[in-house]
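Data block below; observations after.
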Amino acid sequence: MAGLIEVRDLHVRLGQSHILQGINFDVPEGGVTALLGRNGVGKTTTLRALLGLVERSGVVRYGGADITHMATHRIVQRGVGYVPEDRDVFSVLTVEENLRLAERDGEVRYDLVYDLFPELRERSKQLAGTLSGGQQQMVAIGRALLNDNRVLLVDEPTKGLAPLLVTEVARVLERVSELATVLLVEQNLGVVARVARDAVVLDTGRVVHTGPAKELLADTAMVNRMLGVG
Amino acid sequence: MSTFLLLSITGLGLGAMYFLIASGLSLIYGLMGVLNFAHGAFLTVGAYALWFTESKLGDVSLNARFLIAAIVSLAVATVFAALVELLLIRPLYGRHIEQVLVTVGLALVVTALVTAIWGNDARVVAVPTWAGNTTTIGGAHIPNDRWIEIITALVVLLGLELFLKRTRYGLIIRAGVENRAMVTALGIDVRRAFTLVFAIGGLAAGIAGVLSSVYFTTVDPQHGTALVIFAFIVVVIGGLGSLRGTAMAAVVVGLVQQYANYYASSGLGDLSVVLLLGAVLLVRPRGLSGSFA
Amino acid sequence: MRRLVVPVALFAALALVPRLAVDVPYVFQYGLNSPGTLQLLALCLVFAGLALSYDLLFGFTGLLSFGHALYFAIGVYVAAIAMTRWHWGFWESVGFTALVGLVVATVLSAVSLRVTGIAFAMVTLAFAQAGSILAFKNPYKWTGGEEGFGVDYHQLPAWTVGILNTKHLYWIALVYAALVFAIVQWAVSSSPGHLWQAIRENELRVQVLGMRPYLYKLMSCVLASFLATAGGVVYLLLLGGATTEVTTANFTLTLLLMVVIGGAGTRWGAMLGGFLYTYANQRLGDLSSSHAVESLPAVISTPLQQPLFVLGVLFILVVFFVPGGLVQLFRQRRPKTVQRLQEAVQR
């Protein structure tokens with residue numbers, strides 16, 4: 001059964017560094033697939049490569065179509081939402097403008113977004129640059145949910161957030177996973193345990209493990225070895 | 001006092017023209033990262049279109065002639081700028097430095113072409129009489145064209161701000177100036193915004209071309225290049241990518257140039273502007289507005 | 001050692017040109033060893049050297065400067081002023097010019113290098129503009145304002161003056177070009193030279209490794225500027241006068257064109273570009289008044305009469321299709337020019 005996203009022999013080079021050295025993995029439709037690994041192994045680069053934000057070689061298929069040489073905006077128009085690692089909200093725009101910018105053709109789900117993040121409605125006219133980290137994260141996730149996207153690429157959504165907010169985000173991710181497939185890069189294993197169905201582990205530009213998330217996390221020896229928590 | 005007034009208004013008039021050119025440069029650099037050396041060419045193309053159209057409308061009244069020619073000039077400059085983006089800049093998408101080089105080449109080519117066809121000498125432009133007259137305020141006899149320049153620049157500034165704040169493309173451009181990659185990651189084709197920004201730049205440069213023709217009462221191949229160097233200085237002093245900063249810097253540069261030329265010595269005005277640039281860059285590399293795309 | 005064979009042979013061959021009573025139809029209007037042709041070739045050689053001095057900054061160290069013309073102009077004007085206005089002897093004037101060039105280059109570069117990337121480009125433009133304005137303003141009536149002035153040939157060494165001595169000027173230009181080539185080759189392969197190229201690739205990494213890029217960039221700037229000043233003196237000998245044309249931003253831009261057309265950051269690219277550009281600029285001027293061109297329809301012949309039109313179009317074509325410059329046509333490797341230029345601007 002083909003995955004929603006299929007990656008074969010993906011290579012990414014930036015200057016002298018060979019960051020991704022032939023990645024292979026699938027993202028099955030529905031549920032959350034976690035992309036794990038220590039810092040610097042290439043997780044963020046993988047997401048960016050899927051979106052075409054970096055030069056890549058190999059084969060990437062999404063929903064059966066070959067998107068390897070497709071421009072970023074075309075890929076996104078096929079129903080991809082992106083929540084970047086540093087949120088990348090536009091600080092010179094208001095919250096409302098940030099969301100409005102993300103509108104694409106078709107149905108926009110402001111109700112869903114404001115239901116998940118009531119605070120965004122209150123802070124509509126506030127400049128996104130003056131928001132706290134957690135609020136910016138809400139904007140970043142909100143605009144990815146605005147459209148009826150088929151898949152969401154989410155990069156470390158809990159980074160730098162207070163524990164209360166981390167739980168919030170996990171809750172949101174659970175809710176989101178009912179609506180779309182999620183490829184989640186996350187260092188917080190608690191969150192991963194809560195929401196992820198499958199896991200793909202990277203180590204220095206290669207895939208070193210794939211399998212059900214629960215099994216991986218239960219094996220503490222493997223976790224220590226591959227994710228270097230110790 | 002009346003001299004000071006005259007100098008100030010003239011300075012503002014010059015500043016207005018610098019702003020018109022610099023605004024396009026600033027937007028283009030802010031959004032696309034392209035230093036558009038061909039901007040002077042947009043101005044030259046517009047100015048010559050003005051002169052050429054006028055010369056073909058022999059038996060129409062002066063005011064009508066000028067107005068029609070001005071409209072044609074603006075249209076030509078805008079279309080030219082859009083074509084430049086589509087044919088020369090867009091194919092080099094992602095290759096920043098080649099984009100800049102192409103604009104350098106284009107600037108030289110357009111100046112050479114204009115010189116080839118119409119020669120190096122300045123050509124006289126027929127200007128509506130009331131523009132050539134003066135208004136007396138506070139003892140100062142101020143040429144009316146200064147008012148036109150100032151008002152036009154204000155209108156353009158207002159228009160640009162409204163465009164940026166109230167339209168979808170304005171939203172895209174504001175976001176794109178901050179983070180172009182993220183805009184594409186939202187499914188938006190920024191390339192259309194690029195063409196639009198070039199067209200806007202062309203329009204503004206065209207307006208500057210018309211105004212400079214009125215100011216100098218002539219068109220000549222060097223006007224574009226001379227003004228564009230100052231426009232670059234204004235953009236850098238004001239902060240690349242910031243419209244407000246550009247407006248402020250344009251006013252400062254225009255005024256400094258006039259005051260220095262008069263109160264110090266002729267020619268020193270240009271020098272002071274150049275020194276001002278050096279000073280600003282060394283003290284505050286991000287320019288007056290603090291932004292540095 | 002092998003790397004020396006080609007350059008030595010080439011320069012030796014060029015040295016023989018004044019002895020060759022040969023006609024090259026179409027390429028040159030007159031015979032090879034005629035004063036007219038030698039003057040043209042000498043000019044080409046001066047610009048070959050000048051372009052290479054610019055490439056040192058640009059292609060090798062990754063510094064995009066819009067003010068290189070200033071140092072060339074210093075070479076031209078200071079020497080001319082010293083000899084003509086102050087009535088100094090030739091060698092004193094040259095020595096003084098070298099000193100001025102060195103001091104101004106050091107001071108201005110030290111200041112400009114406090115910023116990088118676009119800001120650096122703009123500061124260099126600003127300084128050069130200031131110099132240009134100064135020349136136009138004609139302080140103390142020294143610079144001759146917009147028209148420039150002719151140098152007092154009584155101060156020049158006898159063997160450089162007069163049509164019959166053109167071949168001496170040719171040899172001086174050749175020596176200049178050869179020296180610039182030798183110096184740049186040596187500098188680039190020396191250890192500061194390696195650092196320049198490292199800085200061009202990744203300045204941050206150089207800093208992290210504990211070295212101070214600023215000093216090395218300064219070295220590169222001062223050397224490049226000094227070579228330009230030397231070129232200015234040779235140019236003065238060739239033309240016998242100073243004009244404001246050499247102080248303009250346009251002039252620096254034509255250097256940029258030369259380097260890019262030839263191929264930035266390569267061994268021969270800049271020299272090739274400088275040589276060919278200068279040749280084309282002159283010959284296109286001759287050609288445009290020729291019978292063949294005038295008989296073409298006006299639409300084609302009119303633009304062709306402006307050398308800058310042709311060269312500008314050529315430049316655009318090179319940027320589009322052969323970004324590594326003309327030298328890329330002789331190699332199979334990927335063009336590095338573009339990468340280099342990109343790095344220069346992205347700081």
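The values are calculated or read from the model by the stated rules, or taken from the named source; none is laboratory data. Computed from a predicted structure; not experimentally measured. All Cβ positions, glycine included, derive from the backbone under ideal geometry; neighbour counts span all protein chains shown.
Descriptive notes on the structure:
- Top-ranked residue in the range B:102-138 [being assigned to a strand (DSSP E or B) and among the hydroxyl-bearing types (Ser, Thr, Tyr); ranked as surrounded by the fewest Cβ atoms within 10 Å (Cβ to Cβ)]: B:136
- Helices (runs of 4 or more DSSP H) enclosed by the range B:186-265 - at least 1 residues per element that are under 13 Å from residue B:43 (Cα atoms): B:190-216, B:223-238
- Hey, residue A:44 in contact (Cβ under 8 Å) with a residue 40 or more places away in the chain, part of a helix (DSSP H, G or I), in contact with a strand residue (DSSP E or B) (Cβ under 6 Å, 6 or more places away or on another chain) and among the hydroxyl-bearing types (Ser, Thr, Tyr) or not: yes
- Total residues in the range A:58-83, condition touching an Asp or Glu at 6+ places or on another chain (Cβ under 8 Å), of a type outside the set (A, V, I, L, M, F, W, C) and more than 14 Å from chain B (Cβ to nearest Cβ): 2
- Residue A:74 being part of a strand (DSSP E or B) and surrounded by fewer than 22 Cβ atoms within 10 Å (Cβ to Cβ): no
- Members of the range B:61-118 found to be within 11 Å of another protein chain (Cβ to nearest Cβ) and polar (S, T, N, Q), listed by number: B:99, B:103, B:111, B:115
- Residue check: residue A:91 meets all listed conditions (1) within 14 Å of chain B (Cβ to nearest Cβ); (2) modelled with pLDDT under 95; (3) under 19 Å from the mean Cα position of the chain (by Cα) but one, namely (3).
- Residue check for residue A:50: in contact (Cβ under 8 Å) with a residue 40 or more places away in the chain and more than 10 Å from every other protein chain (Cβ to nearest Cβ): yes
- Hits in the range B:163-198 (condition: at the interface with chain A (Cβ under 10 Å from one of its Cβ atoms) and β-branched (Val, Ile, Thr)): B:172, B:177, B:183, B:184, B:188, B:190
- Scanning the range C:134-179 for residues that are more than 21 Å from the chain's Cα centre (by Cα), surrounded by 16 or more Cβ atoms within 10 Å (Cβ to Cβ), part of a helix (DSSP H, G or I) and among the β-branched types (Val, Ile, Thr) yields a single hit, C:160.
- Extreme residue, farthest from the other protein chains (Cβ to nearest Cβ), among residues of the range C:239-258 that are part of a helix (DSSP H, G or I) and over 14 Å from the mean Cα position of the chain (by Cα): C:239
- Per this entry, residue B:97 is counted among residues that are part of a helix (DSSP H, G or I), within 24 Å of residue B:180 (Cβ to Cβ) and free of Cβ contacts under 8 Å to residues at least 60 places away in the same chain.
- Search result, residues across the range B:37-66 that are aliphatic (A, V, I, L, M) and either free of Cβ contacts under 8 Å to residues at least 12 places away in the same chain or surrounded by 15 or more Cβ atoms within 10 Å (Cβ to Cβ) (or both): B:38, B:41, B:43, B:45, B:47, B:49, B:50, B:57, B:60, B:64
- Qualifying residue in the range B:45-61 (condition: among the polar types (S, T, N, Q), assigned to a helix (DSSP H, G or I) and within 15 Å of residue B:126 (Cβ to Cβ)): yes
- In the range C:102-124, the residues that are in a loop (DSSP other than H, G, I, E, B) and touching a residue at least 40 places away in the same chain (Cβ under 8 Å): C:113, C:116
- Contact map, the range B:157-186: residues that are without any contact (Cβ under 8 Å) to a residue 60 or more places away in the chain paired with residues that are of a type in the set (A, V, I, L, M) and outside any helix (DSSP H, G or I), Cβ distance under 7 Å, separation 6+ or inter-chain. Pairs shown: B:172/B:188; B:174/A:92; B:174/A:93; B:175/A:93; B:178/A:92; B:181/A:53; B:185/A:53; B:186/A:102.
- Residues in the range A:103-126 that are over 21 Å from residue A:158 (Cβ atoms) and assigned to a loop (DSSP other than H, G, I, E, B): A:103, A:104, A:105, A:106, A:107, A:109, A:124, A:125, A:126.
- The single condition among (1) part of a helix (DSSP H, G or I); (2) out of contact with any Gly (no Cβ under 9 Å at 6 or more places or on another chain); (3) under 22 Å from residue B:173 (Cβ atoms); (4) of a type outside the set (D, E, K, R) that residue B:9 does not satisfy is (3).
- Put simply, of C:222, C:259 the only residue that is farther than 22 Å from residue B:109 by Cα and at pLDDT 85 or above is C:222.
- Criterion applied to B:227, B:281 was being within 30 Å of residue B:176 (Cα to Cα), surrounded by 21 or more Cβ atoms within 10 Å (Cβ to Cβ), facing chain C (nearest Cβ under 8 Å) and aliphatic (A, V, I, L, M), and the one residue passing it is B:281.
- Exclusive hit being on the phi < 0 side of the Ramachandran plot, within 16 Å of the chain's Cα centre (by Cα) and assigned to a helix (DSSP H, G or I), set A:134, A:142: A:142
- Condition check for residue B:189: out of contact with any Lys or Arg (no Cβ under 6 Å at 6 or more places or on another chain), at pLDDT below 90 and not hydroxyl-bearing (Ser, Thr, Tyr): no
- Residues within the range B:85-122 that are modelled with pLDDT of 85 or more and of a type in the set (D, E, K, R), tallied: 2
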